[in-house]
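S.K.: Structure below; questions to follow.
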Amino acid sequence: MLFFTVSYFVFFFCTITCFYLAPVKVRVPLLLAASYFFYMSWNWKFAPLLLTLTTIDYLAAIWIEQSHHRKWALAVSLASNLGFLAVFKYYNFAASNVAALLGLPHQRFYFDIVLPLGISFHTFQSISYVVDVYRGQQKAIRKPLDYALYIAFFPQLVAGPIVRARDFFRDLYDWHAPSSEDIKRGGFLVALGLAKKVALADNFALVSDRYFGSVATQAGGAAAWGGVFAFAMQIFFDFSGYTDMAIGFARLLGFHFPVNFRQPYLAVSITDFWRRWHISLSSWLRDYLYIPLGGNRHGKLQTYRNLMITMLLGGLWHGANWNFVIWGGYHGLLLSMERLLGQARHRDRTWTFFDVPRAIVTFVLVCVGWVFFRASSVHDAALVIGRMAQIPRGQWPIEPALMMLTAAGLIVALVEERVPLLEAVERAPGWVAAGCLGMLLFVVELFAVDANIPFVYFQF
Amino acid sequence: MPAEALSREVSTSEPIRRSSAADRQALGKILLLGFSSLFVLFLLDAALFRTGFYVQYLEPFSSAGNFEAILAAGQQQQFTKPHHVLVLGDSQVSEGFSPKIADAAAAPSGWQFFNAAVGGSSMRCWYYMVRDLDPDRTRFDVIVLPLRGYADVDDEVIRADRDIDVHWVIARLGLADIPAFVLSFRAPLERLEMFRESLFKGLVYRRDLRELLRDPAQRMQHVKDCRAACADSFYGYPGRTENLKGVWMDWTTDTVHFPEGISPQIQAEMKLHVHFRDWSVRGLERAYRQAWLGRIIERYQGTRTKFVLISLPYHPFPIPFSWPAGPDSFAAQASRNSRVTVLDEHLFNDLERPEFFFDVFHMNQTGRALFSNRLARALTQQFGAGRSSQ
């Protein structure tokens, strides 16, 4: 049940109607049942795993709070979460590398393992909860259904954003029916996310899939830049579209998720990029990996080491593949270089047109990173980067209409950098909000691709 | 997000405990926003696709573009003879029937033909063609309805469920047409899809729109060129010259044998369409014919227009299997209507020969000439030189 399908909207309509009309006491079980139904609609076999991890972390948190063996409880929880993740996501990767080291066929130790949907996201969410309880920043949740809902809540279950327990339980335990402003913002985010996904990301996916599907046969710098640019746009519109919808759906149910993307392609440095891109993941990596490693508190060399470890693991989190490791390492290296050059300071001033050159350089560097992210092998990635270094010749592979839509998106992003458009939508009269939503739906209607292309981040 | 909500302390009190009146109000607002945004979408969609603005720039060789071009040619057709015949059909008729040849054959009797057949169209589409070609129900003396035999044989395609029909008739579907159009499909999911597409026409037109946006100037020029040439090209189209001479069918093994020179594509198509033994009469085709041809006939109730049912030359070889056209078949029932004439089912049987076809379904230039001549003569013989009875 993908967010942009009719079946999902029917599901959401039924869920939200039952939710608001149901007696107060049954709403948590109802949302939980809907969430498990949503999850099992992909593959019912994943549900026991989700339930097992939920039970372990629920008990571990209570154990941490009540027992003197807090470290043991934390260790059990971390080992369970990371153990499941390692087995399901990284076993075959490790097995193929061991086989290669031993000179054996790389599938020698393979198991036929299906990656459970959303495991990377709900595992990180569970870890953040248990660690917060351990640190005393979060009380252990006593009601098992409440905790189960936090992990399984359907808007964010399969691809985030990674929601912190304090944010979720703040809303759950002090729930308000959404205000008119919330409803307008939520509805707008759903329509905006839908437009980003089906009108933009999917169209760019056609171009990037065509290019990366047969890199060897598509010579020329223009094709390479076009393919990479298309992927840069695809992954942004796809993932930010998904999270916009997730945030919007949650808000319509009275839950407030944090912003996950903030015009990342306007970033003026790689440091700035990671403050704008997949914010819930980058802040998770900062709080639960980079800072525990020592952050920037132990000198420059330690800081660079911590940055590299964090980004390498961040890369590996995206997928069990050397390409992702290289992608993470590349970003770690760029972040370290920016620190070395004194370019990593937090910017508190507003974006201006004087930032254009730096934004372009940053975008190009990000695009080079995306080559590793998207290419099917390191060899292909090297081939593409080699072509990008050539003088661009040949035909630009992206349709003018799509470029125009992207340009319109860029203008909106530039305006958003100075004027918070979402707040403007919130404050607007209802008919204006409906007009904006209707226009976004019109873009969806006209530019959607006639194929169900899954969200990119579902594979992680 | 209100700022004070963020700073509230986390408590483990009972979750979700607000009054249900406020909740119902929130639900009402959500639904209102949802439905009003859909209404805005409908207005935008209607402004572009229901005003006739977009239709004039449709790709002329697309399904809807071709349908509209033939419809426009029919609407502009100036009849110079006193008696007018409309011939409906799909590509078998558009390839197999020449109004020019038929006009020549029937000229002494004062008959004039218009071929409204559209490649790929179905009986469902023909209804909308007739309706918009002849809104006052006064233009035609005779309407020819072609059938693939008079037994209502069901093959591997269930025509009632052919959802691609919407791509031919999309420009014709008004709001009032939506219920009947949607309900003519059988499966609930298909009905839902047809409802969406006939309400929000952009869902059907979007591929064409994107083609247009690739090079708008070129599309405009192409449309202009086609419009200038289309009426003449429809009327004067001579048909294809290739033929299947030498092709023969071994009916004991259902195998087609080809001589040298037949293209691999035609060979593949012919091999695909030899499974006549699987055909049977299950009632679906009968219901479908009744629904749409019956509706066309019904529409002319109380007018002077008469209908002629013909059995088309369907295949390069006469099919040696026969299915009974029982008394409850559509043709048998229609023949009880005084305004309907059912021509002899075997009238065109001798045209089912490889030398008169250029592929598995379509007659070539020679077959086209013979069929057009014979149909014109059959009609003039049937109805004579005078107007059909009032």
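The values are calculated or read from the model by the stated rules, or taken from the named source; none is laboratory data. Predicted model only: the values in this text are computed from it and were never measured. FYI the Cβ positions are ideal-geometry reconstructions off the backbone, even for glycines, and counts take in every protein chain you see.
S.K.: Does residue A:394 satisfy the condition of being on the phi > 0 side of the Ramachandran plot, loosely packed, with under 13 Cβ neighbours inside 10 Å, of a type outside the set (S, T, N, Q) and not in a helix (DSSP H, G or I)?
M.R.: No, not satisfied.
S.K.: Given the condition touching a Lys or Arg at 6+ places or on another chain (Cβ under 7 Å), assigned to a helix (DSSP H, G or I), within 14 Å of chain B (Cβ to nearest Cβ) and touching a residue at least 40 places away in the same chain (Cβ under 8 Å), answer yes or no: does some residue in the range A:216-235 qualify?
M.R.: Scanning the range A:216-235 turns up no residue that is touching a Lys or Arg at 6+ places or on another chain (Cβ under 7 Å), assigned to a helix (DSSP H, G or I), within 14 Å of chain B (Cβ to nearest Cβ) and touching a residue at least 40 places away in the same chain (Cβ under 8 Å).
S.K.: A follow-up question, please. Which of (1) assigned to a helix (DSSP H, G or I); (2) among the hydroxyl-bearing types (Ser, Thr, Tyr); (3) under 14 Å from residue A:228 (Cα atoms) is the odd one out, the single condition residue A:376 does not satisfy?
M.R.: (1)
S.K.: Now for a different question. Among (1) over 30 Å from residue B:25 (Cβ atoms); (2) within 14 Å of chain B (Cβ to nearest Cβ); (3) crowded, with 19+ Cβ neighbours inside 10 Å, there is one condition residue A:62 misses while meeting the rest; what is its number?
M.R.: With (1) over 30 Å from residue B:25 (Cβ atoms); (2) within 14 Å of chain B (Cβ to nearest Cβ); (3) crowded, with 19+ Cβ neighbours inside 10 Å applied to residue A:62, the lone miss is (3).
S.K.: Looking at A:443, A:425, can you tell me which residue is assigned to a helix (DSSP H, G or I), within 25 Å of residue B:37 (Cα to Cα), within 14 Å of chain B (Cβ to nearest Cβ) and in contact with a Cys (Cβ under 9 Å, 6 or more places away or on another chain)?
M.R.: A:425
S.K.: So, in the range B:49-91, of the ones that are in contact with a Pro (Cβ under 7 Å, 6 or more places away or on another chain) and not hydrophobic (A, V, I, L, M, F, W, C), which residue ends up farthest from residue B:224 (Cα to Cα)?
M.R.: B:89
S.K.: On to the next question. If you scan the range B:166-189, which residues turn out to be within 18 Å of the chain's Cα centre (by Cα), surrounded by fewer than 21 Cβ atoms within 10 Å (Cβ to Cβ) and within 14 Å of chain A (Cβ to nearest Cβ)?
M.R.: B:167
S.K.: Scan the range A:27-49 residue by residue and report those that are of a type outside the set (Gly, Ala, Ser) and not in a helix (DSSP H, G or I).
M.R.: Of everything in the range A:27-49, those that are of a type outside the set (Gly, Ala, Ser) and not in a helix (DSSP H, G or I) turn out to be A:42, A:43.
S.K.: Mind listing whichever residues of the range B:21-47 are surrounded by 15 or more Cβ atoms within 10 Å (Cβ to Cβ), modelled with pLDDT under 95 and either farther than 17 Å from residue A:430 by Cα or aromatic (Phe, Trp, Tyr) (or both)?
M.R.: Across the range B:21-47, the qualifying residue is only B:23.
S.K.: Any idea how many residues of the range A:9-30 are within 28 Å of residue A:201 (Cβ to Cβ) and either touching a Ser or Thr at 6+ places or on another chain (Cβ under 6 Å) or within 14 Å of another protein chain (Cβ to nearest Cβ) (or both)?
M.R.: Summing the residues that are within 28 Å of residue A:201 (Cβ to Cβ) and either touching a Ser or Thr at 6+ places or on another chain (Cβ under 6 Å) or within 14 Å of another protein chain (Cβ to nearest Cβ) (or both) in the range A:9-30 gives 7.
S.K.: Among the numbered criteria (1) surrounded by fewer than 21 Cβ atoms within 10 Å (Cβ to Cβ); (2) among the hydroxyl-bearing types (Ser, Thr, Tyr); (3) in contact (Cβ under 8 Å) with a residue 40 or more places away in the chain, which one does residue B:121 miss?
M.R.: Only one criterion is unmet by residue B:121, namely (1).
S.K.: Another question, then. Give me the residue from the range B:212-221 that is facing another protein chain (nearest Cβ under 10 Å) and surrounded by fewer than 16 Cβ atoms within 10 Å (Cβ to Cβ) and, out of that set, nearest to residue A:447 (Cα to Cα).
M.R.: B:214
S.K.: Based on what the data block shows, is residue A:95 assigned to a helix (DSSP H, G or I), touching a Phe, Trp or Tyr at 6+ places or on another chain (Cβ under 6 Å) and away from every other protein chain (no Cβ under 14 Å)?
M.R.: yes
S.K.: Here's a follow-up. List every residue pair whose Cβ atoms lie under 6 Å apart, where the two residues are 6 or more positions apart in sequence or sit on different chains, the first residue falls within the range A:1-30 and is outside the structural domain of residue A:450 (by TED's automatic domain parsing), and the second residue, located anywhere, is small (Gly, Ala, Ser) and buried (at least 16 other Cβ atoms within 10 Å of the Cβ).
M.R.: Partner pairs satisfying both residue conditions: A:15/A:34; A:30/A:22.
S.K.: Which one of A:132, A:146, A:171, A:167 is surrounded by 21 or more Cβ atoms within 10 Å (Cβ to Cβ), among the charged types (D, E, K, R) and within 12 Å of chain B (Cβ to nearest Cβ)?
M.R.: A:171
S.K.: Still on this model: Would you call residue B:105 outside any helix (DSSP H, G or I) and of a type in the set (Gly, Ala, Ser)?
M.R.: Taking the combined requirement at face value, the residue does not satisfy it.
S.K.: Give just the number: which of (1) within 21 Å of residue A:277 (Cα to Cα); (2) at pLDDT 85 or above does residue A:378 not satisfy?
M.R.: With respect to (1) within 21 Å of residue A:277 (Cα to Cα); (2) at pLDDT 85 or above, residue A:378 is out only on (1).
S.K.: Looking only at helices (runs of 4 or more DSSP H) that lie completely in the range A:238-339, which have at least 2 residues being over 23 Å from residue A:121 (Cβ atoms) and not hydroxyl-bearing (Ser, Thr, Tyr)?
M.R.: Counting at least 2 such residues, we get A:270-276, A:300-318.
S.K.: Hey, any hits in the range B:139-151 for a residue that's within 14 Å of chain A (Cβ to nearest Cβ) and either crowded, with 19+ Cβ neighbours inside 10 Å or in a loop (DSSP other than H, G, I, E, B) (or both)?
M.R.: No, the conditions are met nowhere in the range B:139-151.
S.K.: Sticking with this one: In the range A:238-250, is there at least one residue being over 19 Å from residue A:156 (Cα atoms), in contact with a Pro (Cβ under 6 Å, 6 or more places away or on another chain) and surrounded by fewer than 24 Cβ atoms within 10 Å (Cβ to Cβ)?
M.R.: So far as the range A:238-250 goes, no, none of its residues is over 19 Å from residue A:156 (Cα atoms), in contact with a Pro (Cβ under 6 Å, 6 or more places away or on another chain) and surrounded by fewer than 24 Cβ atoms within 10 Å (Cβ to Cβ).
S.K.: Looking for whichever is within 29 Å of residue B:258 (Cβ to Cβ), out of contact with any strand residue (DSSP E or B) (no Cβ under 6 Å at 6 or more places or on another chain) and outside any helix (DSSP H, G or I) here; the options are B:350, B:359, B:328. Which one fits?
M.R.: Answer to the selection: B:359.
S.K.: Further question: Give the residues of the range B:26-64 that are facing chain A (nearest Cβ under 7 Å) and farther than 18 Å from residue A:442 by Cα, sorted by residue number.
M.R.: Matches in the range B:26-64: B:26, B:27, B:29, B:30.
S.K.: Still on this structure, please answer the following. Give A:125, A:107, A:138 a once-over and let me know the one that is in contact (Cβ under 8 Å) with a residue 24 or more places away in the chain, assigned to a loop (DSSP other than H, G, I, E, B) and assigned by TED's automatic domain parsing to the domain that holds residue A:162.
M.R.: Only one candidate passes the filter, namely A:138.
S.K.: From the set of residues in the range A:288-312 that are among the small types (Gly, Ala, Ser) and touching a helix residue (DSSP H, G or I) at 6+ places or on another chain (Cβ under 7 Å), which is surrounded by the fewest Cβ atoms within 10 Å (Cβ to Cβ)?
M.R.: A:294
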